[in-house]
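The values are calculated or read from the model by the stated rules, or taken from the named source; none is laboratory data. These numbers were taken from a predicted model, which means no experiment stands behind them. Every residue, glycine as well, gets a Cβ built from its backbone with ideal geometry; the counts of neighbours run over all protein chains shown.
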Amino acid sequence: MDQDEPRKALCDALLRVGAGDSEALKDVYERTSAKLFGVCLRILGEPSEAEDVLQEVYVSVWRNASRFDAERASPVTWLAAIARNRSIDRVRARRPGRFAPAEAAFEIADGAPSALATIEASEGSAQLSGCLGQLELLHQSAIRAAFLDGLTYETLAQRAGVPLGTMKSWIRRSLLKLKACMER
């Protein structure tokens, strides 16, 4: 088999596609889809996206096959250029920042707390720490363990060696003291 035969067959198929022959498009697809898929995949990196672009490539071939000139390029080169260009267009389309001007950033809300909220939280934290410091050491550690470490009252009672009711009373009274201290 002559090495130019596959090229001639592909050129012929592209000329028939240009004339509106859908069977010829099927022939072009069967001969070139694996190579063109590889071109798309190499540029895009995702098989599903490469498949989408490959479909666009053959739609473009269907629409533009009449423009193919075998004197200017080999059929595979012409098809690969279409696949490459479509893939690059897809990469460019997914780049961030191409859709809105920089001035639009002024309208985007900042999720960080405001300076005033940060100061208030810091002051509240300092006040809470001071109020906790006024509790008995055993009650202080029970409050911290229950509300910061997430331990149950039962676990705290076992650790302290006191009945569950006693632990609940300590925590309830300690919370009342904390509330009164924080309201000052």
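In the stretch 144-177, the residue that is nearest to SER125 (Cα to Cα) out of those that are in contact with a Leu (Cβ under 8 Å, 6 or more places away or on another chain) and hydroxyl-bearing (Ser, Thr, Tyr) is SER174. When you scan the stretch 119-157, how many residues do you find that are among the charged types (D, E, K, R), surrounded by 11 or more Cβ atoms within 10 Å (Cβ to Cβ) and either under 17 Å from LYS177 (Cβ atoms) or outside the structural domain of LEU178 (by TED's automatic domain parsing) (or both)? Looking only at that region, the number is 3.
Of the helices (runs of 4 or more DSSP H) entirely within the stretch 1-75, those holding at least 2 residues that are at pLDDT 90 or above and within 38 Å of the chain's Cα centre (by Cα) occupy 22-44, 47-64.
The residue pairs whose first member lies in the stretch 10-36 and is among the aliphatic types (A, V, I, L, M), whose second member is not in a helix (DSSP H, G or I), and whose beta carbons are closer than 6 Å, counting only pairs six or more residues apart or on different chains, are LEU14/PHE68.
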